[in-house]
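Enquirer: Please find one structure pasted underneath; my questions will follow.
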Amino acid sequence: MGNTGVDKTHLAIILGIEAYLSGKNVLFTNIPNLVIGLKESMSVNQFNYYKRRFSKYDLVILDELR
């Protein structure tokens, strides 16, 4: 977390790429999309499916926390 324009996203992308190149499964998403997906999965009673989706990743990068 930090001020706008200090390259947080750039750093997260670099870390994600390095993890991927090391053989890790990486998911990069932003918080607004995560919340939308979570709400949608709960509205159709598929929360467990949504939650299991994340278990296949070694690294989950969440961007744009405000």
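Enquirer: Does any residue of the range 1-9 turn out to be in a loop (DSSP other than H, G, I, E, B), open to solvent by 90 Å² or more (accessible area, probe 1.4 Å) and of a type in the set (S, T, N, Q)?
Expert: yes
Enquirer: If you don't mind, there's one more thing I want to ask. Look through the range 10-24, keep the residues that are closer than 14 Å to TYR57 by Cβ and without any contact (Cβ under 8 Å) to a residue 24 or more places away in the chain, and return whichever of them is surrounded by the most Cβ atoms within 10 Å (Cβ to Cβ).
Expert: So, considering only residues that are closer than 14 Å to TYR57 by Cβ and without any contact (Cβ under 8 Å) to a residue 24 or more places away in the chain, the one surrounded by the most Cβ atoms within 10 Å (Cβ to Cβ) is TYR20.
Enquirer: Tell me, please, whether a residue that is at pLDDT 90 or above and under 10 Å from the mean Cα position of the chain (by Cα) can be found in the range 48-55.
Expert: no
Enquirer: Of ASP58, ASP63, which residue is acidic (Asp, Glu), modelled with pLDDT of 90 or more, under 13 Å from the mean Cα position of the chain (by Cα) and surrounded by 11 or more Cβ atoms within 10 Å (Cβ to Cβ)?
Expert: Working: ASP63 fails: modelled with pLDDT of 90 or more.
Testing whether each residue is acidic (Asp, Glu), modelled with pLDDT of 90 or more, under 13 Å from the mean Cα position of the chain (by Cα) and surrounded by 11 or more Cβ atoms within 10 Å (Cβ to Cβ) leaves just ASP58.
Enquirer: Can you pull out the residues in the range 25-55 that are basic (Lys, Arg) and open to solvent by 100 Å² or more (accessible area, probe 1.4 Å)?
Expert: Step one: list which residues in the range 25-55 are basic (Lys, Arg), which gives 39, 51-53.
Listed by number, the residues that qualify are LYS39, LYS51, ARG52.
The values are calculated or read from the model by the stated rules, or taken from the named source; none is laboratory data. Source: prediction; values computed, not measured. Heads up, the Cβs are rebuilt from the backbone with ideal geometry, glycines too, and the neighbour counts pull from every protein chain shown. Keep in mind that these areas ignore ligands, DNA and RNA; they rest on the heavy atoms of the full protein, side chains included. Shrake-Rupley method; radii C 1.70, N 1.55, O 1.52, S 1.80 Å.
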